[in-house]
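Trainee: Starting off with a structure, shown below.
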């Protein structure tokens, strides 16, 4: 195309130049025709030159215009070709996209079908497994039933055999009785052979002693009745044989009839309180003396106590620390010597398995006695210490066990369920407070009050004024040592 | 007049039965001090705690009118104070307060001796 354009431009240039020469020749028609031309002036020459230059410029402009037109045409053609190419490329791209989408769809379909098949297979496998399990269970149950039936059958056969053996033994005993009678008769008739009779009697006595000593022999009553028959003339009715207490040194109850059972139950219930009394006791519990509720504590008489670090099973992290401090303080108010808090706490922190209520065992208490010189150890477990958001009450549940280090007996046990209807105390604006958090300070105070109620009826220790004089003091705590206290601040 | 006599007699009876019960020991700020020790072990807190224990164990916290009664020192307080003094590197006062504890409460002898061995006193 470029070559065509170049050729076209050259031709146009040539034609234009030819036409310009013609025009230039035609442009001077009035020139005189003479064989001898007149000499040209400078002005005329300049004019001619200017006209020539103008004509050349015009030619050039025309050529340029022609070139531009050709270029425009070429550009339009190129643009048209480019657009056509674009359209073709878009079409191809669309085709490829369609093909890819189709491929993807086909792949998804195949995957779905594969997944469906896998699930179907899994379901079938599960169903088959369930069936197999059920069948196995049914077979097992059937086997168990058969085994039970066989066991019952065997037991019946054994019972039958035992009965037959008992019958045989009875018959043997009867035969022996008859033999004894005959021996007695013969001894009465003839006194010549006392030695042989004695021997026979000794043998018979030995046999009887052996049968009495045999633990498998179930007819002991029959033999004892035999001995009793020789001494006394008691009746031999079947009702008495089944429900009598054998006489002699040993007392053994074989079986009791239903009438006797009812009679015994009636006799036992005569000592209980009536319903009215029971309701009254629920409202006004019976008061017991301290020496009846805590006899071991008065007997052991501990002087020093070790408070183990509590086992905190509540949701409040600091409950164990608070209770550790408050319980040791309250026990000192009761007159006991309690080991100090700070060094014991540091010792516990070095090894939390020691000196804790959670991990110490009863076998470790002897070591504590030798090491610390304490007479008793207090185990505490905190189950609950919380304040729900919808109430102002603070609930605390804990279990206390005071155990002796010498005898390992529980001297004091208490399950405490403490409910405190709290009100937020007024703000304390004093400076240099040790416990800056008001909530913690409140909880600490409540824990102290809880300990006061827990150890309220505990016998006092040697450092108390009323030591050894509070045995007869009565308390309304139940014998089970289980109570619930609700306290409201005044 | 009768009403006045009646109310005055009631008040007198009430005043008679209301007794100012004294606790055996004077703990003062023991609870808060011990609890802060459980929660923090900074030197600043230890100094504050030892100050509160000082009021319990010595006569610094007592009023001028009332004499300081050593029998009202609670058991274990002297050992706690001695332990705090050891952490502040004051061994002399720690040793003296340990001996004081033994003098007040003889049943603490075995524990105090073991503690001295452990702490190197």
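Laboratory data are not the source of any read-out in this text; all were calculated from the coordinates shown. Everything quoted here is computed from the prediction, not taken from an experiment. Cβ: placed from backbone, ideal geometry, glycine included. Neighbour counts: every protein chain shown.
Trainee: Above 17 angstrom, tally the Cα pairs of the stretch A:315-463 and express them as a % of all pairs, no decimals.
Mentor: Roughly 66 percent, rounded to a whole number.
Trainee: Sticking with this one: If neighbour count is taken as other Cβ atoms inside 10 Å, put A:417, A:409, A:101, A:457 in order from fewest to most.
Mentor: Details: A:417 16, A:409 13, A:101 10, A:457 21.
Fewest-to-most ranking of A:417, A:409, A:101, A:457: A:101, A:409, A:417, A:457.
Trainee: Now for a different question. Using the number of other C-beta atoms within 10 angstrom as an exposure proxy, rank A:346, A:102 with the fewest first.
Mentor: A:102, A:346
Trainee: Now for a different question. What order do you get for A:5, A:306 when you list them from fewest to most C-beta neighbours inside 10 Å? Kindly include the intermediate steps, with their values, before the conclusion.
Mentor: Numbers: A:5 15, A:306 24.
Sorted ascending by nearby Cβ count, the order is A:5, A:306.
Trainee: Something else: Between the alpha-carbon centers of the stretch A:446-460 and the stretch A:53-105, tell me the distance in whole angstrom.
Mentor: Between the Cα centre of the stretch A:446-460 and that of the stretch A:53-105, the gap is 104 Å.
Trainee: So, one more: Output the direction-averaged projected area (hull surface divided by four) of the convex hull of the alpha-carbon atoms of the stretch B:23-119, in nm².
Mentor: If you wrap the Cα atoms of the stretch B:23-119 in a convex hull and average its projections, you get 6.5 nm².
Trainee: Also: Per residue of A:320-331, what is the mean number of Cβ atoms on other protein chains within 10 angstrom of that residue's Cβ?
Mentor: Numbers: counts 1, 5, 4, 0, 3, 8, 3, 0, 5, 7, 0, 1.
Across A:320-331, the average partner-chain Cβ count within 10 Å equals 3.
Trainee: If you average the C-alpha positions of the stretch A:312-357 and of the stretch B:40-55 separately, how far apart do those two centres end up, in angstrom?
Mentor: When both Cα centres are located, 19 Å separates them.
Trainee: Put one equal scatterer on each alpha carbon of the stretch A:259-390, apply the Debye formula with no solvent term, and list log10 I(q)/I(0) at q = 0.10 1/Å to two decimals.
Mentor: -0.55
Trainee: Here is a further query. Using only alpha carbons, build the gyration tensor for the stretch A:57-188 and give me the equivalent ellipsoid semi-axes, biggest first, whole Å.
Mentor: Values for the stretch A:57-188, descending: 125, 11, 4 Å.
Trainee: Taking R0 as 51 Å, what's the FRET efficiency between residue B:116 and residue A:158 from their Cβ-Cβ distance, rounded to 0.05?
Mentor: Efficiency for this residue pair is about 0.10.
Trainee: Mind jotting down a quarter of the surface of the convex hull over the alpha carbons of the stretch A:136-180, in square nanometres, one decimal?
Mentor: 2.6
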